[in-house]
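Trainee: Could you have a look at this structure, given as structure tokens, before my questions?
The values are calculated or read from the model by the stated rules, or taken from the named source; none is laboratory data. These numbers come from a predicted model, not from an experiment. Reconstructed Cβ throughout: ideal geometry from the backbone, glycine too, with neighbour counts over all protein chains shown.
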Amino acid sequence: MTGNISVVIPAYNESNIIRETIKALQTFAEIREVIVVDDGSTDGTAGQAGEMGVLVWRHRRNLGKGAALNTGAALASGDIIVFLDADLGSSAREAYKLWEPVLAGEADCIIARFPRARQAGGFGLVKKLAQWGVTYLGGAAVPAVLSGQRALTRAALEAIFPLPGGYGAEVGATIRLLRRGYRIKEVEVSMKHRETGRNWAGFYHRGRQFGHILKALAREAWR
């Protein structure tokens, strides 16, 4: 497989860091294109990304992460598609650890496993639900199933496209890959992104995430 890589970055109100994330990726010759999908941002994210010379597609309103991933995946032309969060900043330079094993034929999908969070987040309910659902419906344990940093072969992506909506995208995609016999591996990375704490905003975010994942699991159970 050739080093023909498309990077898809879903972004929502990330104007303060999107340039840094893109800059970290522009040093890699293997990357054919970087696609930023601005999911209805109100802070100028699309403009900041556009000034970096990458392809920008803008949703007129916020449609959710799954929709942004699907838009980017539909636009991507590479043999390997890499999904990265917009808030990685300079740590996006670790992305090569995702596509190199795919290029080497070691797996069809590589998922990033982050360092342990520096601050207390929730109570682990979202993670436990996601891990249980993947093991039960997919037949294998994938500890880092919530990670949005992934690299997939085009064949693997096309087999599971379109992805589930909202924050259930990663969980649903993982289950579909396992059910279809695609090889999934995790790799440790030193990436960093925004962490949510035990405050109102954090609990609200995790509540939405829990609901989206539960919905995705229900849909996959009936597929």
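Trainee: Can you confirm whether LYS97 is within 16 Å of the chain's Cα centre (by Cα) and among the basic types (Lys, Arg)? Lay out the reasoning, then the answer.
Mentor: Working: within 16 Å of the chain's Cα centre (by Cα): yes; among the basic types (Lys, Arg): yes.
Yes; evaluated as a whole, the condition is true for this residue.
Trainee: Considering each of GLY53, GLY66, GLY72, GLY78 in turn, give the residue that is over 19 Å from GLU158 (Cβ atoms) and among the small types (Gly, Ala, Ser).
Mentor: On the way: GLY66 fails: over 19 Å from GLU158 (Cβ atoms); GLY72 fails: over 19 Å from GLU158 (Cβ atoms); GLY78 fails: over 19 Å from GLU158 (Cβ atoms).
Going through GLY53, GLY66, GLY72, GLY78 in turn, just one is over 19 Å from GLU158 (Cβ atoms) and among the small types (Gly, Ala, Ser): GLY53.
Trainee: Out of everything in the range 111-153 that is among the aliphatic types (A, V, I, L, M) and surrounded by fewer than 16 Cβ atoms within 10 Å (Cβ to Cβ), what residue ends up being modelled with the lowest pLDDT?
Mentor: Among those residues, the one meeting the criterion is ALA120.
Trainee: Restrict the check to the range 176-190 and report whether at least one residue is among the basic types (Lys, Arg), at pLDDT 95 or above and in a loop (DSSP other than H, G, I, E, B). Before the answer, list the steps.
Mentor: First pass over the range 176-190, keeping only residues among the basic types (Lys, Arg): 176, 179-180, 183, 185.
Checking the rest, the ones that are also at pLDDT 95 or above come to 176, 179-180, 183, 185.
Those still in the list that are in a loop (DSSP other than H, G, I, E, B) too: 180, 183.
Checked against the condition, which is being among the basic types (Lys, Arg), at pLDDT 95 or above and in a loop (DSSP other than H, G, I, E, B), the range 176-190 yields at least one hit.
Trainee: What about GLU100, is it outside any helix (DSSP H, G or I), of a type outside the set (A, V, I, L, M) and surrounded by fewer than 17 Cβ atoms within 10 Å (Cβ to Cβ)? Give the steps one after another, and end with the answer.
Mentor: Values: outside any helix (DSSP H, G or I): no; of a type outside the set (A, V, I, L, M): yes; surrounded by fewer than 17 Cβ atoms within 10 Å (Cβ to Cβ): yes.
So GLU100 does not fit the description; no.
Trainee: On to the next question. Just to confirm my filter: which strands (runs of 3 or more DSSP E) fall fully inside the range 1-90 and include at least 3 residues that are within 18 Å of LEU163 (Cα to Cα), under 17 Å from the mean Cα position of the chain (by Cα) and not charged (D, E, K, R)? Let's see the steps before the verdict.
Mentor: On the way: elements: 5-11, 31-39, 55-59, 80-83.
Passing ranges, in order: 5-11, 31-39, 80-83.
Trainee: Report, ordered by the first and then the second residue, all pairs with beta carbons closer than 8 Å, sequence separation of six or more or different chains, a first member in the range 50-70 that is crowded, with 17+ Cβ neighbours inside 10 Å, and a second member that is among the hydrophobic types (A, V, I, L, M, F, W, C) and assigned to a loop (DSSP other than H, G, I, E, B).
Mentor: GLY66/LEU163; LEU69/LEU163; ASN70/PHE161; ASN70/LEU163
Trainee: Still on this structure: Among the residues of the range 27-45, is any among the β-branched types (Val, Ile, Thr), under 23 Å from VAL187 (Cα atoms), out of contact with any Phe, Trp or Tyr (no Cβ under 6 Å at 6 or more places or on another chain) and surrounded by fewer than 19 Cβ atoms within 10 Å (Cβ to Cβ)?
Mentor: From the range 27-45, those among the β-branched types (Val, Ile, Thr) are 27, 31, 34-37, 42, 45; that's our starting set.
Now restrict to residues that are under 23 Å from VAL187 (Cα atoms): 27, 31, 34.
Filter once more, so that each one left must be out of contact with any Phe, Trp or Tyr (no Cβ under 6 Å at 6 or more places or on another chain): 27, 31, 34.
Add one more test, that the residue is surrounded by fewer than 19 Cβ atoms within 10 Å (Cβ to Cβ), and what stays is 27.
Yes, that holds for at least one residue.
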